[in-house]
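Just so it is clear, none of the values below were taken in a lab; they were calculated from the coordinates. Quick caveat: nothing in here was measured; it's all calculated off a predicted structure. Glycine also receives a Cβ, built like all others from the backbone with ideal geometry; neighbour counts cover every protein chain displayed.
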Amino acid sequence: MKKLTVVLMAVSLLTGFAFAGGKKDASSGKLIVGFAQIGQESGWRGAETNSIMFYAGQNLDTIQLHFADAQQKQENQIKAVRSFIQMGVDVIGLAPVVETGWETVLKEAKDAGIPVIFVDRMAKVSDDLYATFIGSDFIDEGMKAAKEMARLLGDNGNVVMLEGTVGASAAIDRQKGFLDEMAKHPNIKIIARQSGDFTRAKGKEVMESFLKSYSKIDGVYADNDDMVLGAIEAIKEAGKKPGTEIKTVSVDGVKGVFEAMVAGEANVTVECNPLLGPQFFDAAKRLKAGEKLPKWIKSEEGVFRRETAAKDIGSRQY
Ligand code: AHR
């Protein structure tokens, strides 16, 4: 907590889009970065934000960070990016809440000569509008999740899907990977799909309605761990046993799911690494120095099962 307070004092915080104003201090020689974060919808997102703020806080002599929390609204992220352009930051980091609708503001950044790094989520724009994407292979995560679900169900059963934010690359690509892989398992039926917006509260709400509508659910797949944690609550309240009667597979690897696995209430989490602060600032430094970066800097990730959760939990950092 103490560490986080120090870090918060070290960066300028823009909540929503209410940009506090001010110009960058070009004379400082520091790397000046604006970061437009999605919001605080999940534990994973909190870990990513902490990783970015912590790194900036540890490097105050060389980095000045301006951080905006868009409260899950694209218009707020666009306003934040415009504020950063106005300030004349060296590099902009953007975790696009949805894939589309970024061309205009990214052209403005390009015209101002400010490189943009997509962090964790991609946007559908031409290559000239961003410098690099740092993040995971979401299709691969969805495929790994489907393989785990097929294994848990012995290749037979009814599955419901809790989907992430509509239009988000993390949701679109994970579902593609999951469904493509599931097509190889014809005895597993996807009986319902609905968005839970990557939040625990909505994951619970959607699972409650699935449980009312379908008497036989053998597995729940969720695009993130927070939604599965909500689903676990709903399953228990419905008098069923998550992790045994209804198997769970989700993506992220947050501590809450490891705790649920240790308690026997969840089965598998596919890791998605949020600790992107060091990679992000390294890329920003290199861009400021005029280097050209690969278009995709990929994160490496694993799969964690209930059987080893008690051992694995000790080494989890988020
Ligand atoms: O973009 C990554 C996803 O966004 C994470 O899986 C999810 O938890 C977050 O909100």
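Brief remarks follow.
- For the chain, the longest principal axis of the C-alpha atoms and the axis of helix 43-58 are separated by about 30°.
- Each listed q (0.06, 0.13 Å⁻¹) maps to a log10 I(q)/I(0) for the chain, found by the Debye formula over equal Cα scatterers with no solvent: -0.21, -0.90.
- Placed amide H near residue 271: partners under 5 Å, 5+ positions off or other chain: 252, 302, 303, 304
- Theoretical ellipticity at 222 nm over the chain - DSSP helices of four or more residues, -39500 (n - 2.57) apiece, nearest 500: -13000 deg cm²/dmol
- For region 138-272, the extents of the C-alpha atoms along the principal axes are 33, 28, 28 Å, listed from largest to smallest.
- A simple rule links phi to the HN-Hα coupling: the Karplus curve 6.51 cos²θ - 1.76 cosθ + 1.60 with θ = phi - 60°, which for region 285-299 gives 4, 5, 5, 4, 7, x, 6, 9, 10, x, 5, 9, 9, 7, 8 Hz, with x for Gly and Pro.
- Phi angles across region 107-115 convert, under the Karplus curve 6.51 cos²θ - 1.76 cosθ + 1.60 with θ = phi - 60°, into 3J(HN,Hα) values of 5, 4, 5, 4, 4, 7, x, 9, x Hz, Gly and Pro given as x.
- Each Cα pair under 8 Å and six or more residues apart adds its separation to the average, and for the chain the resulting relative contact order is 17 percent.
- Under 14 Å from residue 184, Cα to Cα: aspartates and glutamates that are on another chain or at least 8 residues apart: 148, 155
- Nearest 10 degrees, 0 to 90: helix 138-152 Cα axis against the chain principal axis: 20
- Rounded to the nearest 20, the size of the Cβ-charge dipole of region 138-272 about its Cα centre is 420 debye, with Lys and Arg at +1 and Asp and Glu at -1.
- Under the Karplus curve 6.51 cos²θ - 1.76 cosθ + 1.60, θ = phi - 60°, whole-Hz ³J(HN,Hα) for region 127-133, x wherever Gly or Pro sits: 4, 6, 9, 8, 8, 7, 10
- Cα-Cα over 32 Å, subset of 79/247; 216/255; 110/144; 107/298; 30/176; 124/202: 79/247; 110/144; 30/176
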